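Scroll down for the structure; my scribbles are underneath it.
The values are calculated or read from the model by the stated rules, or taken from the named source; none is laboratory data. Please read all numbers here as calculations on a predicted model, not as lab measurements. No Cβ is skipped: glycine too gets one built from the backbone with ideal geometry, and neighbour counts run over all protein chains shown.
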Amino acid sequence: MKDFYLLLLLFQTSLAVAVQFTLKKLASDTVFSIWPPQQFFSGITKLLSTPLFWVAMVLYGVSLMMWLSILSRFSFVLAIPLAVGINFAMVYAVSALFLHERVTFWWFVGVALILSGVLLLALLARGR
């Protein structure tokens, strides 16, 4: 059963990162800004009229339901570090692959350390 929830955590985190990536692209495409107010309201209107925004919101809701299920099965002290570690690694990968952000050697070292910690926590979770 724990293996199922570890897989669910991986899928939920992947879905959450995909939603955040989609929102980043939508916000960039609409030149979303909070100042001046006219530009803010124009950006909001444009976002709310974009079908992809609503798809992202539905997927965000699905991700939230998965997260609540995970929290009901895992200890809080284990669930949060697992989710955050996986999230960091996925965000860096998505940023490099799809947003063409610069990747350095130290980026790989940091991601490797994060994933090592996630692996240790996952092994701990399987043993509980």
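Values computed for the structure shown
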| quantity | calculated |
| --- | --- |
| Looking only at region 1-54, and only at residues there that are among the small types (Gly, Ala, Ser) and over 16 Å from residue 87 (Cα atoms), the one that is farthest from the chain's Cα centre (by Cα) | 42 |
| Single residue of 6, 15, 10 found to be at pLDDT below 90 and under 30 Å from residue 71 (Cβ atoms) | 6 |
| Residue in region 27-41 that is among the small types (Gly, Ala, Ser) and over 26 Å from residue 93 (Cβ atoms) present | yes |
| Residue 16, sole failed condition from (1) within 30 Å of residue 127 (Cα to Cα); (2) free of Cβ contacts under 8 Å to residues at least 40 places away in the same chain; (3) among the small types (Gly, Ala, Ser) | (2) |
| Number of positions in region 92-114 that are of a type in the set (Val, Ile, Thr) and surrounded by 11 or more Cβ atoms within 10 Å (Cβ to Cβ) | 4 |
| Any hit, region 84-91, residues being outside any loop (DSSP other than H, G, I, E, B), polar (S, T, N, Q) and surrounded by fewer than 17 Cβ atoms within 10 Å (Cβ to Cβ) | no |
| Qualifying residue in region 50-71 (condition: surrounded by fewer than 16 Cβ atoms within 10 Å (Cβ to Cβ), of a type in the set (Ser, Thr, Tyr) and without any contact (Cβ under 8 Å) to a residue 60 or more places away in the chain) | yes |
| Output for region 27-83, where each listed residue is more than 30 Å from residue 4 (Cβ to Cβ), polar (S, T, N, Q) and in a helix (DSSP H, G or I) | 28, 38, 39, 42, 45 |
| Some residue of region 76-96 being touching a residue at least 24 places away in the same chain (Cβ under 8 Å) and out of contact with any helix residue (DSSP H, G or I) (no Cβ under 7 Å at 6 or more places or on another chain) | no |
| Count of residues meeting criterion [closer than 20 Å to residue 60 by Cβ, of a type in the set (Gly, Ala, Ser) and free of Cβ contacts under 8 Å to residues at least 12 places away in the same chain] in region 19-45 | 1 |
